[in-house]
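Structure record follows, encoded as structure tokens.
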Amino acid sequence: MRQPHIRDRGGRWARALVCWVLFAATVVGAWGMLGRPAGARQEAGTSARAGEFLWQRDCASCHGVAGQGTRWAPDLTGQGAAGVSLAITSGRMPLPADAVGRDDPPARERQVPRGPVVYTPEEVDALVAHAGRILSGPEVPHVDLSTADRSAGASLFQLNCAACHTWSGRGGALTSGQVAVSLVDATPVEVVEAMRTGPGTMPVFDEATLDERQATDVTAYVEYLDRPRTPLGHPLWFIGPVAEGMVAWVVGLVALLLLVRWIGARTPAPGSGSEDHRG
Amino acid sequence: MVVTAVIARLASWLDQRLGAARAAEAGAGKVFPEHWSFLLGEIAFYAFVVLVASGTFLAMFFDSSLVPITYEGSYAPLHGAEVTPAFASVLDISFDVPAGLLVRQVHHWAALVFVAAIVVHLLRIFFTGAFRRPREVNWLVGVTLLGLAILEGFAGYSLPDDLLSGTGLRVGYSITQSVPVVGDHLAFLVWGGEYPGTEIASRLFIGHVWILPAVMGALIAGHLLLVVRQKHTQFPGPRRTEDNVVGERLWPTYLAKSVGLLFLVTGVMVLLGTLFQVNPVWLYGPYDPAAVTTGAQPDWYMGWLEGALRLTPSVAFRGFGVEVPNVFLPGVLLPGLTFAGLYAYPFVEQWWTGAADREHHLLQRPRDHPHRTAFGVAVVTFYVSLFVGGSNDVLVAQTGWDIAVVINVMRAMVVVLPLVAWWVTRRLCRQLQADDVHAGQVERIRERVPDA
């Protein structure tokens, strides 16, 4: 209705509209550039300087130049290269700019979900190498699943992991609104990094608890759980008896109720039917 | 012609020896009132038939021993793991026995639907007043069947010796121990010693495949015989009085329908077993007393007990030198009171309303008994609230809410929602009754003034 009217008025409204659209695009664009780390746009190389540059630009403002932690973000001492590698290859870090410094709940206590990875592989290497130089803690593990013992891993998973991540590795509830994350998207290296560094509320499983071989076995089983065998029927999202009970009622019993309503009478038909007397 | 003659000779041979003709004649002519809600108990009955048939197949391959062995079946991820023959044989049924997994899944779905059908059947009996004199005895039989069905289900859930069944048994052991004075002795008696021992699976197996099904079969037969003897109740309607039964004769109409329902129930169970995975024990893994998993729930019919255990504040007390642990209230007292209440209800209502004097064969509509209906809805709401509490960790994992808040909200729901449900239901019943009166007046005016 308004379109012809604008054209009729010699384009004055149209020009104003174009100006507003351009202005809005500028604002949104600027917001977007500020909102995400500039890593992807910079040519950083693989040198130590590049790693230090990325650390100063994307990490130091919250975690400190030496990773010592600040009011907004936790101390990374002891996390080592493995901890930083886990955080950035799973896309949890760096946080979007608008999420930093929001104090409710304080950023350092918030659980950050997986996100898109913002760095190129070279930048990841540079940043992780820099983290290894400034932080004490485990190295990025080398994980080779080709010789892993999956059934030994299954039993270790049951003992050490299922209590929080559930039997299916799909994640489970913790206290205070936190969750033990789903392991489906975690790569083998991330799984071992998580064991060695204990991110968030997760305990550290160091070499004394699970040696390298055992850690590899567990990881092989975790990888298997990404697509476990489901020989017959829909797996019901690996939720277990709660989902099964729902299906029994909502699918099974409701189907049967509809069927008996179909074969059974709904209202007494007047005058029809045989009659018996009660003895 | 030849076939007819053979059947006739066979029939007369039987008749001469058993007097079968008179019984068959009386049985075949029996009138059953028609209403879809009278088929709910039949759904449960046919689910029981499916359970016996599929269970017989499974029992041929199950091994109830708990002495550890090395798994060497065809499920590769557990190859070489130390498991019990109980667990290994369930894996064999699932991966190596032809059609084994299908039968296992059909059996498990049938069990879930069996108890669900019993509950819905019980609600129909309750809300239509079908338990009133002279049917109190059959109510008692039915409530016993519900209790046995839950026990039977729990025994079956506990057999495969996977992580969930072991966890369930561990809870059961603690609940047994919580009985004052005799708890420990009772637990030792049932388990044959300290938990977990090596006895419990074979004891549960005997109970699950022989004792409980035999007792249930006998009770179901008694349940049905009482219906035949006392004749089925019917809804009020044209020609229907307290002194007659109006409906279809057993032969041929009712029998045809009933056999049809057997096929429908079987078909739905096989479809469920084909379309939906149930109880994937190979993923839960073999039971290890040191291990536990989140998302460990019992099957739905134990959900109200699970919820009670999760929601009841930790209250333990001492008296007369006896320690009453905190699981006693939700684990022993609640189910005890639940079944005591179910058993007592018909008699309490008779005493309360003073209506024990005569027999009732015509059913009541829920709205015509606002007090009973409101009470029933309140009780159902209470158990549904507990039931929801039993899956609080799954709810929290799916929504990201704070579990402490969720638990406290659910505790409040268990107390408040039944009261709200009671009040709302009573108002609704009264409103529906008023609508009926109004509709009746309009009807009468129409009769008097045909052109209105």
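Per residue, how large is the accessible surface of the protein assembly as shown? Use a 1.4 angstrom probe and give square angstrom.
I get 51 Å² per residue for this part.
Along the Cα→Cβ direction, 7 angstrom out, place labels at B:Ser74 and B:Val420. What is the inter-label distance in nm?
Inter-label distance under the simple model: 5.3 nm.
Determine Rg/Rh for the protein assembly as shown; Rg is computed over alpha-carbon atoms and Rh is the Kirkwood hydrodynamic estimate from the same atoms.
Across the protein assembly as shown, the Cα-based Rg/Rh ratio is 1.08.
In chain B, carbon and sulfur make up what percent of the accessible area (probe 1.4 Å)?
Here it works out to 70 percent.
Using the Karplus equation 6.51 cos²θ - 1.76 cosθ + 1.60 (θ = phi - 60°), what ³J(HN,Hα) coupling, rounded to whole Hz, does each residue of segment B:69-85 give in order, writing x for Gly and Pro?
Running phi through 6.51 cos²θ - 1.76 cosθ + 1.60 with θ = phi - 60° gives 9, 9, 6, 10, x, 9, 8, 4, x, 10, 4, x, 6, 7, 9, 9, x Hz.
Write down, largest first, the equivalent ellipsoid semi-axes of chain B in whole Å, where each equals the square root of 5 times an eigenvalue of the alpha-carbon gyration tensor.
In descending order the semi-axes read 42, 33, 21 Å.
Ignoring ligands, DNA and RNA and using a 1.4 Å probe, state the total buried accessible area between A and B in Å², rounded to the nearest 100.
Interface area, both chains combined: 6200 Å², rounded to the nearest 100.
For segment A:107-227, what does the alpha-carbon gyration tensor say about shape, rounded, prolate or oblate, given a ≥ b ≥ c as the root eigenvalues, a/c under 1.5 as rounded, and a/b over b/c as prolate?
Note, shape of segment A:107-227 comes out oblate.
With charges only on Cβ, +1 for K and R and -1 for D and E, what is the dipole size of the protein assembly as shown about its Cα centre, in debye, rounded to 20?
With Lys and Arg at +1 and Asp and Glu at -1, about 3380 debye.
Give me, ordered by chain and number, the residues 5 or more places off B:Ile69 or on other chains with an amide H under 5 Å from its own placed amide H.
Amide H neighbours of B:Ile69, under 5 Å, 5+ apart: B:Val83, B:Thr84.
For a distance above 12 Å, tell me the whole-number percent of Cα pairs in segment A:54-103 that qualify.
Summing the P(r) of segment A:54-103 above 12 Å gives 64 percent of all pairs.
Would you kindly derive the ³J(HN,Hα) couplings of segment B:279-291 from the backbone phi angles with the Karplus curve 6.51 cos²θ - 1.76 cosθ + 1.60 (θ = phi - 60°), listing them in order in whole Hz, with x for Gly and Pro?
For segment B:279-291, the Karplus-derived couplings read 6, x, 4, 5, 8, 5, x, x, 5, 9, x, 7, 9 Hz, x marking Gly and Pro.
With the Cα gyration tensor of segment B:80-199 giving a ≥ b ≥ c as the square roots of its eigenvalues, does the rule (a/c under 1.5 for rounded; else a/b larger than b/c for prolate; else oblate) give rounded, prolate or oblate?
Verdict is oblate for segment B:80-199.
Once the dipole of segment B:316-429 is set up with Lys and Arg at +1 and Asp and Glu at -1 on Cβ about the Cα centre, which of B:Val348, B:His371, B:Ile407 lies farthest towards its positive end?
Projecting each Cα onto the dipole axis, the largest value belongs to B:His371.
Over segment A:147-279, what percent of the accessible surface lies on carbon and sulfur atoms, probe 1.4 Å?
Carbon-and-sulfur percentage of accessible area, whole number: 60.
Any idea what diffusion coefficient segment B:33-293 gets from Stokes-Einstein, in µm²/s, Kirkwood Rh on alpha carbon pairs, 10 °C, 1.306 mPa s?
78
The values are calculated or read from the model by the stated rules, or taken from the named source; none is laboratory data. Keep in mind the model is a prediction, meaning the values are calculated, not measured. As a convention, Cβ positions derive from the backbone with ideal geometry for all residues, glycine included, and neighbour counts pool all protein chains shown. These area figures cover heavy atoms from the full protein model, side chains too; ligands, DNA and RNA do not enter into them. Shrake-Rupley method; radii C 1.70, N 1.55, O 1.52, S 1.80 Å.
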